[in-house]
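Take a look at the structure set out below.
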Amino acid sequence: MPLQRLFQVSTKMAPTLSTANFADPAEVTEFVVNKGNGVKGLSETGIKALPDQYIQPFEERLINKFVNETDEAIPVIDMSDPNENKVAEAICDAAEKWGFFQVINHGVPLDVLDNVKAATHRFFNLPVEEKSRFTKENSLTTNVRFGTSFSPRAEKALEWKDYLSLFFVNEALEYMNKSKTMVRKLLEYLGKNLNVKELDETKESLFMGSIRVNLNYYPICPNPDLTVGVGRHSDVSSLTILLQDQIGGLHVRSLSSGNWVHVPPVPGSFVINIGDAMQILSNGRYKSVEHRVLANGSNNRISVPIFVNPKPESVIGPLPEVIANGEEPIYKDVVYSDYVRYFFKKAHDGKKTVDFAKI
């Protein structure tokens, strides 16, 4: 089946599993990972208890109990404010103090956002046979990848999420294209605050030379307190542009208090976060921040992040404009593809990846 048709098919097949109690870890792995059913398929078998592979270490489960006990909130910034200097200042301030913010009135048509969310649901409602054609083992292209968890071969405890990762396709392509003007504007604001006068061809390649979108699906979980949708991590991107549905579940770690702060869904908004590449390029002025996603016991959840990255062959390090005034670099120059490879060869582990680039 051509890839384009995947977003037009809505037939659905109920998965089956021979065991009712999931006592055999090998069979669960075969069903979820190797056969491509994902955790969506596992959820739809009607399981009442979480398989052992998904039970997180105690310290990670403990976080689940405290994520909502704070009055802190990430900034919400109206990009339609006619005072552009005020908007730029708010964005740069949030990038330094939070590493996260939400934007409203961003110029991306709301029907584009609705279309990509609908396409996400359509893809994950496809029969397993169709989705599994795009697993790492089966996909004919590295531009499209269907998978589950983060890195199942490296993780001691799996994450309760399925995903489709792609560089372009149908509604996702429109979503990325319509977002580019907003992305450029964000990068221009952030760059000027770093003495980057212009987002020229060289800087554009460095900041946004490669763009990827994920379609994420978090099915209903029988024991959400025992696991996570996504474990603690920071992104390796320059910027991440996240569209989330109305369910919620994303939490970020406050830089000032260390509390876990829920990012409530705001209709028509994007959640923007600084990635490791931008932290390195800014010599630590902008912060990539730990975030995680809770599992949900009563609702299926989707999210659609756009990862705005340097080109794979780009060398990232503190920008010359940042250290021109004598500021000491705290990061070395690294090839971006080497940094990404290091990130993906291990399980999510908070902010440890950035140590790869520290002097």
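Every number here is computed from the coordinates shown, using simple stated rules; none is lab data. Quantities reported herein were computed from a predicted structural model and do not represent experimental measurements. For neighbour counting, all protein chains shown are included, and Cβ atoms are generated from backbone atoms with ideal geometry for every residue, glycine included.
Using a Gaussian network model on the chain with a 10 Å cutoff between Cα atoms, which of P224, P310, P82 fluctuates the most?
P82
From the cross-link list K178/K346; K180/K345; K35/K156, which pairs have alpha carbons spaced over 25 Å apart?
K178/K346; K180/K345
Using the C-alpha gyration tensor of segment 234-294, what are the square roots of 5 times its eigenvalues, in whole angstrom, with the largest one first?
Whole-Å semi-axes of the equivalent ellipsoid: 21, 14, 9.
Can you give the Kirkwood hydrodynamic radius of the chain from its Cα pairs, in Å with one decimal?
Computed over Cα pairs of the chain, the Kirkwood hydrodynamic radius comes out at 21.0 Å.
Round to the nearest 10 and give me the degree value, 0 to 90, for the angle of helix 110-124's Cα axis relative to the longest principal axis of the chain.
Once rounded, one gets 30 degrees.
When the helices in the chain are scored as -39500 (n - 2.57) per DSSP H run of 4 or longer and the sum is shared across all residues, what 222 nm value do you end up with, to the nearest 500 deg cm²/dmol?
Calculated at 222 nm, the ellipticity per residue is -8000 deg cm²/dmol.
Test of understanding: in a Gaussian network model of the chain with alpha carbons linked when under 10 Å, which of R301, R122, R212 would top the mean-square fluctuation ranking?
Greatest mean-square fluctuation among the candidates belongs to R122.
P(r) of segment 225-359 in 10 Å steps, Cα pairs, percent per bin?
With a bin width of 10 Å, the distribution comes to 12, 39, 32, 14, 2, 0.
Which of the listed residues, L255, I47, A172, is farthest toward the dipole's positive end in the chain, when Lys, Arg count +1 and Asp, Glu count -1 at the beta-carbon?
My answer, from the dipole projection, is I47.
Under the definition of Cα pairs under 8 Å and six or more residues apart, what whole-number percent is the relative contact order of the chain?
For the chain, the relative contact order is 21 percent.
Relative to the first principal axis of the alpha-carbon coordinates of the chain, what is the inclination of helix 170-192, with its axis defined by its Cα atoms, in degrees from 0 to 90 and to the nearest 10?
Approximately 30 degrees, to the nearest 10.
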